[in-house]
Amino acid sequence: MQRLVYRCAVLLLLGMGGVGIAAAQSPEPALAQSHPSDRHNQILKLISRKEYEQAEAACRALIESRPEFGRAYGTLVVIGREAGRLDRVQAYFEGLAAANPRALYGLGQIAGERKEYEAALDYHRQCLRALPGFPPAVAGLAQSALTLKRLEEVDALFRSRPAEAAFVFGVGWLHRQRQQYAQALAAQEEALRLNPALIEASLERLNVLIAQGRLAEALSAFDELLGRVHASEDPERRQALLSSRGTLLIQMGRHAQGIRNLNEALPLTREYGWKASEERIQSLMGTAWWSVNSYSEALQCYQQALALAPADDPRKRGRHLGNIGLAYETLGDLSRAAEYYQQAIAAARTARPPDNASLINFLINLSGIAPAIGRADEARTLLEEAARVPGSAGSLSLQYRIQRGWAQFYWHAGSHAEVLRFQQAALQTAREMKDLPKQGACFYRIGDAQLRSGEAAAAIEAYRQGLAIGRQTQVLSIIWHAEAGLAAAHQASQPDEALAHYRRAIDAIEQIRGRQDSSDEKTGYFQNATDVYQQAVALLTSLHRRGPAKGYAAEAFHLAERIRSRALLDTLTETAAQLEQKLDADLLERQREIQRRLSTAESQLLKAVSGDGASPDRLRQLEAELLRAVNEYADWRKAVRQRNPALAALTFPDPFTLEQAQAAIR
């Protein structure tokens with residue numbers, strides 16, 4: 001499925017890459033007398049409102065009154081680019097350059113905007129001859145040299161001034177481009193020794209730590225920088241730091257903290273009208289919420305990202321539409337999911353150039369749900385188109401997805417021989433990719449097809465190979481699928497062995513529920529996990545009839561209760577966003593308290609059942625606590641609907657009654 005790729009990079013010189021602007025007007029007197037950072041922030045707001053004439057006038061006035069304020073030069077270039085007036089900004093800088101060499105940096109940025117990289121290189125070099133300590137020109141020169149593949153020439157220039165912090169920063173920047181991370185880090189630390197206030201070196205040091213995978217140190221570096229970079233002085237860098245720290249935390253699996261940082265960045269993006277940044281943040285938060293099973297919140301974020309995406313950018317819009325489709329699919333609204341997948345397909349087709357990788361993913365996603373919404377014949381057409389998309393044959397990952405799509409199609413069609421053929425092809429592709437988790441998944445799916453075809457011995461061998469890979473890689477979804485498959489294969493002939501496999505499958509499922517930090521684990525959990533519990537209850541019920549004194553009935557009861565309590569918790573989680581918007585404060589707080597009690601009671605009962613030391617009295621006490629929480633939930637649900645009839649449309653599972661529990665184990 002189409003996923004947002006987590007990326008974590010810190011922008012070093014925000015507001016420095018742009019181009020010029022319009023005729024100057026006199027700035028407001030109050031603005032002219034304020035601090036340069038305040039004046040610059042006001043200019044940024046003028047840009048967000050597209051008031052380019054006033055923004056240019058204010059930016060020129062800032063440059064002329066406070067020429068040492070380096071960010072203004074790049075901002076003037078941005079204004080010129082956005083207003084379509086680069087020529088006028090260029091003329092302004094040309095007239096200023098003799099008295100203020102920083103204008104040469106501005107001319108270099110304009111040349112870069114026009115892809116005149118030789119000229120950009122020359123302007124930045126001239127700027128540094130006059131002002132060797134001007135970091136923006138160092139970064140501009142290095143970027144031009146990287147584009148022209150002339151790093152050695154610039155490296156020699158930077159090394160010629162070893163006592164100049166900005167030049168040492170440039171040496172470190174070049175080391176990072178060459179992936180020489182130890183040298184890069186040493187250079188930035190030397191630059192900071194020479195000038196502890198050189199924030200560009202601190203930011204670049206952070207980038208190196210991330211590139212090295214030293215994430216704990218990177219988080220500390222983020223905290224140090226956030227203590228120095230304040231929204232009132234540098235909102236652009238503050239916003240970038242918060243966004244990047246949030247991205248890193250999400251990448252590390254610390255989703256709640258990451259979402260918190262991203263939420264802190266949002267007010268700045270809105271205050272200054274940075275819609276592209278807000279779009280990225282909303283999309284990233286959507287994926288983070290999705291990763292922790294908060295699908296309603298994920299859906300809202302994806303919808304907001306779509307609303308912020310440029311109308312003339314079908315590539316971006318298509319990816320947001322695809323994520324919205326994925327959210328609806330996960331929430332079980334397959335008709336809405338299909339609508340959004342269809343829109344995403346259309347957008348990917350019209351992108352220039354076409355977004356072929358996304359198109360293939362969207363086609364396969366739609367084919368996967370088509371049979372469930374009465375469009376089984378369309379699934380074949382979608383897969384055939386995916387196989388014809390340019391680039392599909394040259395990418396192993398896309399080949400794998402298409403092969404898996406065909407296997408799923410034939411599974412719905414009941415043609416297990418074809419399922420087996422495509423799963424074996426997918427296994428070969430996964431081997432070429434050297435992707436062990438994909439190989440493990442192929443093995444248990446091959447086992448499923450063989451078991452359905454009556455080839456029990458072959459299925460058992462496939463499940464065992466999948467289980468070995470699952471244990472080797474510690475991918476819990478592979479483990480539980482393989483264990484559940486082995487249980488099903490042994491259930492008729494060796495029920496005791498089957499029960500042992502079911503127990504291990506359920507243990508893996510419960511571990512996934514507490515973790516769920518990857519899309520593979522998530523997919524593994526939500527596809528048929530409930531069936532494993534139900535099959536285990538059925539087996540325990542059968543064993544209870546054969547041996548009533550062996551305790552099978554109690555275990556069946558605990559499993560049946562666990563299924564229902566987990567359904568309650570899942571429903572409460574999935575409707576949380578809707579409830580927060582509509583519930584009265586007292587009902588919302590009561591809902592949260594019941595959710596906490598359900599979770600605690602279920603967890604304690606699970607530990608007691610899985611251990612050997614719990615007495616029968618303790619088990620009865622825990623069962624009673626769980627049933628009390630379930631009954632309180634039923635009362636709460638009635639109160640919600642009485643207080644707010646508009647919430648009656650929300651779907652809640654019914655509580656698990658004692659009669660139902662007794663019937664499950666008879």
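The values are calculated or read from the model by the stated rules, or taken from the named source; none is laboratory data. Owing to the predicted nature of the structure, the values given are computational and were not obtained by experimental measurement. Note that we place each Cβ from the backbone using ideal geometry, even for glycine, and neighbour counts take in every protein chain shown. SASA here: full protein model, heavy atoms, side chains in, ligands and nucleic acids out. Shrake-Rupley method; radii C 1.70, N 1.55, O 1.52, S 1.80 Å.
Points to keep in mind about this one:
- Residue match in region 264-273 (condition: farther than 21 Å from residue 47 by Cβ, small (Gly, Ala, Ser), under 17 Å from the mean Cα position of the chain (by Cα) and surrounded by 21 or more Cβ atoms within 10 Å (Cβ to Cβ)): no
- Residues being part of a helix (DSSP H, G or I) and either in contact with an Asp or Glu (Cβ under 8 Å, 6 or more places away or on another chain) or open to solvent by 50 Å² or more (accessible area, probe 1.4 Å) (or both) - total across region 297-316: 9
- Condition check for residue 376: of a type in the set (A, V, I, L, M) and in contact with a Cys (Cβ under 9 Å, 6 or more places away or on another chain): no
- Cβ-Cβ contacts under 8 Å between residues 6 or more apart (or on different chains), taken from a first residue in region 457-473 that is β-branched (Val, Ile, Thr) to a second residue that is open to solvent by 30 Å² or more (accessible area, probe 1.4 Å), are listed as 469/436; 469/437; 473/436; 473/437.
- Within region 288-314, the set of residues being of a type in the set (D, E, K, R) and closer than 26 Å to residue 245 by Cα comprises 297 only.
- Per-region count, region 454-494, residues open to solvent by 40 Å² or more (accessible area, probe 1.4 Å), outside any helix (DSSP H, G or I) and of a type outside the set (S, T, N, Q): 3
- Selection of region 220-236 for residues being free of Cβ contacts under 8 Å to residues at least 40 places away in the same chain, closer than 30 Å to residue 45 by Cα and part of a helix (DSSP H, G or I) yields 221, 222, 223, 224, 225, 226, 227, 228.
- Candidate set from region 205-230 (those that are acidic (Asp, Glu) and within 24 Å of the chain's Cα centre (by Cα)); member that is nearest to residue 252 (Cα to Cα): 217
- Single condition residue 300 does not satisfy, out of (1) modelled with pLDDT of 90 or more; (2) more than 30 Å from residue 257 (Cβ to Cβ); (3) of a type outside the set (A, V, I, L, M): (2)
Each row is one residue, and each column tells you yes or no for (1) touching a Phe, Trp or Tyr at 6+ places or on another chain (Cβ under 6 Å); (2) of a type in the set (S, T, N, Q); (3) part of a loop (DSSP other than H, G, I, E, B).
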site	(1), (2), (3)
238	no, no, no
253	no, no, yes
257	no, yes, no
279	no, no, no
283	no, yes, no
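- Listed by first and then second residue, the pairs linking a residue in region 95-113 that is under 13 Å from residue 131 (Cβ atoms) to a residue that is open to solvent by 30 Å² or more (accessible area, probe 1.4 Å) and outside any helix (DSSP H, G or I), with Cβ atoms under 6 Å apart and 6 or more places separating them unless they lie on different chains, are 100/67; 101/131.
- Hits in region 257-314 - residues which are among the polar types (S, T, N, Q) and touching a Cys at 6+ places or on another chain (Cβ under 6 Å): 282
- Condition met for residue 256 (open to solvent by 20 Å² or more (accessible area, probe 1.4 Å) and farther than 21 Å from residue 221 by Cα): no
- Which numbered condition residue 156 fails, given (1) in contact (Cβ under 8 Å) with a residue 24 or more places away in the chain; (2) closer than 21 Å to residue 200 by Cβ: (1)
- Taking each residue of region 69-80 that is open to solvent by 10 Å² or more (accessible area, probe 1.4 Å) and looking for partners that are of a type in the set (Val, Ile, Thr) and in a helix (DSSP H, G or I) with beta-carbon atoms closer than 8 Å, six or more apart or interchain, yields 69/63; 78/47.
- Yes/no for residue 92 being surrounded by 18 or more Cβ atoms within 10 Å (Cβ to Cβ), in contact with a Pro (Cβ under 7 Å, 6 or more places away or on another chain) and of a type in the set (Phe, Trp, Tyr): no
- Filtered residue count, region 329-374, keeping only those that are at positive phi and either within 21 Å of the chain's Cα centre (by Cα) or surrounded by 16 or more Cβ atoms within 10 Å (Cβ to Cβ) (or both): 1
- Residue match in region 427-439 (condition: of a type outside the set (A, V, I, L, M, F, W, C) and in contact with a Cys (Cβ under 6 Å, 6 or more places away or on another chain)): no
Yes or no, residue by residue, for (1) open to solvent by less than 10 Å² (accessible area, probe 1.4 Å); (2) within 26 Å of residue 59 (Cβ to Cβ); (3) not charged (D, E, K, R):
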| position | (1), (2), (3) |
| --- | --- |
| 115 | no, yes, no |
| 120 | yes, yes, yes |
| 145 | yes, no, yes |
| 152 | no, no, no |
| 160 | no, no, yes |
| 171 | no, no, yes |
| 184 | yes, no, yes |
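- Scan of region 189-202 for residues that are assigned to a helix (DSSP H, G or I) and at pLDDT below 95, ordered by number: 199, 200
- Against the list (1) modelled with pLDDT under 95; (2) open to solvent by less than 30 Å² (accessible area, probe 1.4 Å), the condition residue 31 fails is (2).
- Among the residues of region 241-252, those that are over 10 Å from residue 262 (Cα atoms) and either open to solvent by 10 Å² or more (accessible area, probe 1.4 Å) or among the small types (Gly, Ala, Ser) (or both) comprise 251, 252.
- Across region 106-144, the number of residues qualifying as closer than 23 Å to residue 192 by Cβ and part of a helix (DSSP H, G or I) comes to 12.
- Residue count for region 409-421, restricted to those that are part of a helix (DSSP H, G or I) and surrounded by fewer than 22 Cβ atoms within 10 Å (Cβ to Cβ): 8.
- Criterion violated by residue 411 - all others in (1) closer than 25 Å to residue 335 by Cβ; (2) free of Cβ contacts under 8 Å to residues at least 24 places away in the same chain satisfied: (2)
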